[in-house]
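This report refers to the structure that appears directly beneath it.
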Amino acid sequence: GVDKLQFINFILKISFFLFFIQIIFTSFVVPKSQDIARSFLRESNVNFLGNFIKPKRFNDTIKDLTIYSERKDENGYLYNLFIKKDISTENFEITYAKKGIFSQVNSNPLLILFDGETISNKNRKITNFSFSKSDFLLSNLKAHTITVKKTQELSTIDILQCIVHLYKLDLDLLKNKNLKINNCRKTNLINILKEFYKRLIIPIYIPILMLIPYFLILSSKENSNYSKLKLLTFLTGVMTIIFSETTIRFISIELIKNSLILVSPFLIFIFLYLIFFFKLTFNFKKQ
């Protein structure tokens with residue numbers, strides 16, 4: 001006894017609610033959480049290195065340094081260590097140790113080694129010395145962690161301001177003369193545009209995908225073409241998902257091409273809703 005058009009409008013209200021939830025996550029929550037997670041690595045230097053070293057693997061978390069350990073016990077001790085430190089293209093140090101553990105002295109990370117030997121190759125001269133205990137300083141080394149914000153970690157406001165800045169658009173609301181974003185450059189413009197598309201445009205397909213299955217209410221189950229309608233509805237939904245994900249590959253630096261891609265989900269939504277509106281309204285008047 002429920003009017004079909006009212007039912008479709010109710011479904012649209014739910015879809016728009018999900019749309020706004022998705023926008024909140026993709027535009028604010030996810031970028032902020034990614035930035036916070038990576039900030040621990042950017043600011044900690046190599047303080048968490050002990051947690052990254054995995055036994056029976058050549059670990060290169062630190063730049064110019066490779067560490068291999070045969071095993072690691074529950075107390076954090078590493079056994080049968082192999083450490084190679086590249087000083088330059090031709091100079092290096094190789095250290096063997098029976099045991100070692102990561103520690104800190106005055107906030108400086110270091111690796112304490114026991115019962116080992118260090119072999120140095122400097123200017124084609126090889127020297128070696130044995131030790132019962134040695135401190136391998138890590139404070140002057142850098143991790144392979146990216147120290148600048150990635151495009152995915154930028155706030156949505158920064159992305160919009162960057163687009164306005166690079167295209168020199170006349171939008172006073174988003175203009176920022178003191179814009180200081182390392183990723184905001186012409187060589188990275190494609191990534192900036194794709195990130196904008198993923199955050200603010202792809203969620204628009206949620207209402208579209210929620211409308212498509214309800215094409216089935218436009219026909220009665222007793223209709224001879226109902227099975228064909230079910231197949232057509234399924235294929236339309238699959239093609240819409242594929243279309244929404246593949247259009248990101250067509251993003252370019254040309255505003256005209258991008259505007260067509262950005263407008264397409266709005267046009268698809270309006271077209272689908274008009275089908276429901278005229279079909280259900282016409283049938284209602286006919287009855």
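The values are calculated or read from the model by the stated rules, or taken from the named source; none is laboratory data. Every value quoted in this text rests on a predicted model; they were computed, and no experiment measured them. FYI the Cβ positions are ideal-geometry reconstructions off the backbone, even for glycines, and counts take in every protein chain you see. The accessibility values were calculated without ligands, DNA or RNA, using every heavy atom of the protein model including side chains. Shrake-Rupley method; radii C 1.70, N 1.55, O 1.52, S 1.80 Å.
Okay, here's what the table says:
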quantity: Output for segment 31-52, where each listed residue is modelled with pLDDT of 70 or more, β-branched (Val, Ile, Thr) and surrounded by 13 or more Cβ atoms within 10 Å (Cβ to Cβ); calculated: none
quantity: Odd one out for ASN223, checked against (1) under 22 Å from PHE271 (Cα atoms); (2) open to solvent by 40 Å² or more (accessible area, probe 1.4 Å); (3) of a type in the set (S, T, N, Q); calculated: (1)
quantity: Some residue of segment 208-217 being surrounded by fewer than 17 Cβ atoms within 10 Å (Cβ to Cβ), over 26 Å from SER27 (Cα atoms), more than 36 Å from the chain's Cα centre (by Cα) and touching a residue at least 12 places away in the same chain (Cβ under 8 Å); calculated: yes
quantity: LYS230 vs. criteria among the basic types (Lys, Arg) and either in contact with a Cys (Cβ under 8 Å, 6 or more places away or on another chain) or at pLDDT 90 or above (or both); calculated: yes
quantity: Of all residues in segment 65-87 being among the β-branched types (Val, Ile, Thr) and open to solvent by less than 20 Å² (accessible area, probe 1.4 Å), the one that is nearest to LYS122 (Cα to Cα); calculated: ILE83
quantity: Filter result for ILE270 (at pLDDT 90 or above, of a type in the set (Val, Ile, Thr) and surrounded by 15 or more Cβ atoms within 10 Å (Cβ to Cβ)); calculated: no
quantity: Meets criteria (surrounded by fewer than 16 Cβ atoms within 10 Å (Cβ to Cβ) and in contact (Cβ under 8 Å) with a residue 40 or more places away in the chain) for ILE248; calculated: yes
quantity: Selection from segment 213-247 of residues that are over 19 Å from PRO203 (Cβ atoms), part of a helix (DSSP H, G or I) and small (Gly, Ala, Ser); calculated: SER227
quantity: Selection count, segment 93-122, where residues are farther than 16 Å from SER134 by Cβ and either open to solvent by less than 60 Å² (accessible area, probe 1.4 Å) or more than 37 Å from the chain's Cα centre (by Cα) (or both); calculated: 2
quantity: Within segment 83-95, considering residues that are among the hydrophobic types (A, V, I, L, M, F, W, C) and assigned to a strand (DSSP E or B), the one farthest from LYS63 (Cα to Cα); calculated: ILE94
quantity: Selection within segment 173-187 - within 27 Å of the chain's Cα centre (by Cα) and surrounded by fewer than 16 Cβ atoms within 10 Å (Cβ to Cβ); calculated: LEU174, LYS175, ASN176, ASN178, LEU179, LYS180, ASN182, ARG185, LYS186, THR187
